[in-house]
Every structure is written in structure tokens, then in C-alpha cells.
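To keep things clear, I will list the structure first and then write my remarks on it.
The values are calculated or read from the model by the stated rules, or taken from the named source; none is laboratory data. Because the structure is predicted, anything quoted here is derived from the model rather than measured. When we count neighbours, we look across all protein chains shown, and the Cβ atoms used for this are built from the backbone with ideal geometry, even at glycine.
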Amino acid sequence: MPLNVYAWQQPLFRSLLGNREKLPHALLLKGKSGTGKLHFAQSLARALLCESPRMDGSACLSCTACNWFDHGIHPDFRLLEPEIDENGKKAAQITIDQVRSLVSFMNMTTHRNGYRIVLIHPADAMNVHSANALLKTLEEPHGKTLFVLVTHKQQALLPTISSRCRIISMPFPRREEALAWLKEKGIAGSFLAESGNAPLAALDLAGRDRTLLDHVLEKLGNPASLDAVELAEICQKTPLPEFISWLQKWCHDLASQAFAGKIRYFPALSDRINAVSGRADKIELLKLIRKLSQAQRISSHPVNARLFIEELVLNYRNMAGR
Ligand SMILES: [Zn+2]
């Protein structure tokens, strides 16, 4: 994957590299999902490991270190992320064994006499045990070591971890900037709204098969005839966090239309949203929105997806299908 520092991240990138002697041992990059934080962290690591950086501090892209980095084999760099099993399924957590495997890495002298960099993504995937194991290393940093933690859920990190990092709020593109970036890639602006103004998430959305989402939106748009059992049957194979996020976005639009006359995620469906929103029980709608965010928090735990979806859809129908 080509590494990118996006236009909206350039000032921060230059400022960090321009003051590289003042870099702490640990950075925590926090910010909205789908805005390029991981690419930024990788680009920063590559620039710091580069052996003949450009005047502005960015990587030369042609030295041995840059080549190694781009092939994923730089010996002084480690990426810690949830492991992928033989079926291609990503684990939910970064395990304590993964964190412990850093110990020998931390104790070796660096191969190229420069930085030693550990990138943890997403940092919120560490459970209490792995986070505690990491704490020890964060407390006793070795020489030129840099930890870069990336998260869009800082509240899910142990405060003892956050407090040992310099926290950086990652920049977010202005709407025009994000639209221009998508236009360059030939992506319609409507995806930006649907992604909540996160351009990389919009790019991802644009590349996906929308058949199921469109079907779900059509059903939600006609709540009186909505069959919860049938919809749960159809959607039970969809990752639960994804299904819940569809419902969250749709309900957000219903509420936002009712209270502020604005639609954020699905402006192309404004007629349906307007009709459903007009008839919905507003108190129940707000309750459902709260319930959905609770559901989202536990959605990566193992649950019976079909029953879970069925209950949420029933709640929705009771609220909207009067
Ligand atoms: Zn280089």
C-alpha cells in the first residue's frame, strides 16, 4: 500500500519532523476513524528510520532503510495489531503474548544505529493484560525508542497508558478538502456524507457492494411493513458492528431531520427520512439511539447476531412504524 501523508496532515507532519530531537518516547495519535491516522503513523516511522531524509525531514524513499520499510522488513520497526487467523479473520484484541514479544526487540541494539519504532494499531485493541504488559516498557524507554499508538477510541485506553504518551489530536480535513481528495480518485461526494465526512472511510464505502445496505435502508424506510425476523435472517452474516452502524446512521438522520431539519448521512434518501421522521415517536427514537450506542459497544463480543438484530429491528419498528 503506498504510504501517504494527506494534505490535511502536512503541517503536523512537518512540525513533528522539524523538531525530531524533541520527540517524546511515546505518541498517541487520536482522532476520527477513516481520516488517515495509520498512514500518517507509518509515514512518520519511515521518515524517522530513513537514512538520508530530505530537507523537510520526510523519507527519501530510495535508501536501504526506506526500501526495507516499504517491504515490511525493517529490523528496527514493529507493527503490533490484532492477528489474522488462517481463515483471514482478524482477532478482536492485541494479546499479551504479542506485547511480550516486544521485550527481546526492545533489548536488542538497533541494527542501523537509529530509531527503534513500535507502532500499535489500534491501541484500543489491547486488553487490560496486554496494556499492563506494555506499561512496563513505556516506563523504561530505551534510548532512541519511539512508540506510536493509534486510536479512534481514546476512552477505551487505560489512563495509565494515555498519561505516558504525548497525545496528538489528529487533524481532520475540511469538507472542501475531503471532497477535492475524493474527486481526484473519481469518487462521488455522496459517499463523504455517508461516511460522516471521513474521506478514507468514504473511499472504502465506494468500493463495497451496496446491495445489502440498500435493501436494509429500503426496509427501514418503510417501517410499517418491516419484518424483523426476515431482516435479521438476511443480515445475520453481516458483521454486527457494521449492521448497527447502518441503523445508527439512519436513526441519527431521523432525529436530526426531526429536531434540526438536517440530514447528515443519507441526503439522497431525504424524502423517506422526512416521512418516517414525521411519524416516529421522538422520545422512543432518542431512547433507541442510546440503546444502539450501547449495542455498538458490546457488538464485537460473541453474541447471537440474528437475535440481536431482530430485537433492535423490532425496537425500531415499534418506534417508527406506528
Ligand atoms: Zn530513505
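Within the stretch 59-90, being touching a residue at least 24 places away in the same chain (Cβ under 8 Å) and either more than 10 Å from the ligand (Cβ to nearest atom) or among the aromatic types (Phe, Trp, Tyr) (or both) holds for PHE69, HIS74, PRO75, ASP76, PHE77, ARG78, LEU79, LEU80, GLU81, PRO82.
Among all residues of the stretch 263-276, there is none that is touching a Phe, Trp or Tyr at 6+ places or on another chain (Cβ under 6 Å) and closer than 22 Å to LEU205 by Cα.
Residue by residue through the stretch 288-321, note down the ones that are among the polar types (S, T, N, Q), without any contact (Cβ under 8 Å) to a residue 40 or more places away in the chain and part of a loop (DSSP other than H, G, I, E, B). Before you say what the answer is, go through the steps one by one.
Filtering the stretch 288-321 for residues among the polar types (S, T, N, Q) gives 293-294, 296, 299-300, 304, 315, 318.
If we keep only those that are without any contact (Cβ under 8 Å) to a residue 40 or more places away in the chain too, we end up with 294, 304, 315, 318.
Hit for the stretch 288-321 is ASN304, nothing else.
Given the condition within 16 Å of the ligand (Cβ to nearest atom) and either at pLDDT 95 or above or outside the structural domain of HIS301 (by TED's automatic domain parsing) (or both), answer yes or no: does some residue in the stretch 32-39 qualify? No; the residues of the stretch 32-39 include none that is within 16 Å of the ligand (Cβ to nearest atom) and either at pLDDT 95 or above or outside the structural domain of HIS301 (by TED's automatic domain parsing) (or both). Apart from one condition, ALA47 fits all of (1) at pLDDT 95 or above; (2) touching a strand residue (DSSP E or B) at 6+ places or on another chain (Cβ under 9 Å); (3) not acidic (Asp, Glu); the exception is (2). Scanning the stretch 214-272 for residues that are under 25 Å from the mean Cα position of the chain (by Cα), of a type in the set (Gly, Ala, Ser) and within 19 Å of ARG322 (Cα to Cα) yields one hit, ALA255.
Taking the residues in the stretch 107-136 that are surrounded by fewer than 17 Cβ atoms within 10 Å (Cβ to Cβ) and hydrophobic (A, V, I, L, M, F, W, C) as candidates, determine which candidate is modelled with the lowest pLDDT. Looking at the filtered set, the residue picked out is MET108. Checked against the criterion of being hydrophobic (A, V, I, L, M, F, W, C) and on the phi > 0 side of the Ramachandran plot, the candidates LEU29, LEU102, LEU23, LEU61 yield just one match: LEU61. In the set (1) under 26 Å from LEU203 (Cα atoms); (2) within 16 Å of the ligand (Cβ to nearest atom); (3) of a type in the set (S, T, N, Q), GLN9 fails one condition alone, (2).
Restricting to the stretch 42-53, and then to whatever is more than 7 Å from the ligand (Cβ to nearest atom) and without any contact (Cβ under 8 Å) to a residue 60 or more places away in the chain, can you tell me which residue is farthest from the chain's Cα centre (by Cα)?
Filtering the stretch 42-53 for residues more than 7 Å from the ligand (Cβ to nearest atom) gives 42-49.
Add one more test, that the residue is without any contact (Cβ under 8 Å) to a residue 60 or more places away in the chain, and what stays is 43, 46-47.
Values: SER43: 17, ARG46: 21, ALA47: 23 Å.
For the stretch 42-53, the residue satisfying everything is ALA47.
For (1) surrounded by 16 or more Cβ atoms within 10 Å (Cβ to Cβ); (2) in a helix (DSSP H, G or I); (3) hydroxyl-bearing (Ser, Thr, Tyr), each residue gets a yes or a no:
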position: ALA188; (1), (2), (3): no, no, no
position: GLY196; (1), (2), (3): yes, no, no
position: LEU203; (1), (2), (3): yes, yes, no
position: ASP214; (1), (2), (3): no, yes, no
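A residue that is of a type outside the set (Lys, Arg), within 19 Å of the chain's Cα centre (by Cα) and modelled with pLDDT of 90 or more can be found somewhere in the stretch 184-191. Per the listing ALA228, ALA320, ALA255, ALA305, the residue uniquely among the hydrophobic types (A, V, I, L, M, F, W, C), in contact with a helix residue (DSSP H, G or I) (Cβ under 7 Å, 6 or more places away or on another chain) and modelled with pLDDT under 90 is ALA305. When ASP56 is tested against (1) more than 12 Å from the ligand (Cβ to nearest atom); (2) farther than 25 Å from PHE172 by Cα, just one condition goes unmet, and that condition is (2). Yes or no: ALA65 farther than 24 Å from TRP8 by Cα and either crowded, with 22+ Cβ neighbours inside 10 Å or assigned by TED's automatic domain parsing to the domain that holds PRO241 (or both)? Against the criterion (farther than 24 Å from TRP8 by Cα and either crowded, with 22+ Cβ neighbours inside 10 Å or assigned by TED's automatic domain parsing to the domain that holds PRO241 (or both)), ALA65 qualifies. Going residue by residue through the stretch 158-176, is there one that turns out to be closer than 28 Å to GLU194 by Cβ, in contact with a helix residue (DSSP H, G or I) (Cβ under 9 Å, 6 or more places away or on another chain), surrounded by 13 or more Cβ atoms within 10 Å (Cβ to Cβ) and free of Cβ contacts under 8 Å to residues at least 12 places away in the same chain? Scanning the stretch 158-176, I find no residue that is closer than 28 Å to GLU194 by Cβ, in contact with a helix residue (DSSP H, G or I) (Cβ under 9 Å, 6 or more places away or on another chain), surrounded by 13 or more Cβ atoms within 10 Å (Cβ to Cβ) and free of Cβ contacts under 8 Å to residues at least 12 places away in the same chain, so the answer is no.
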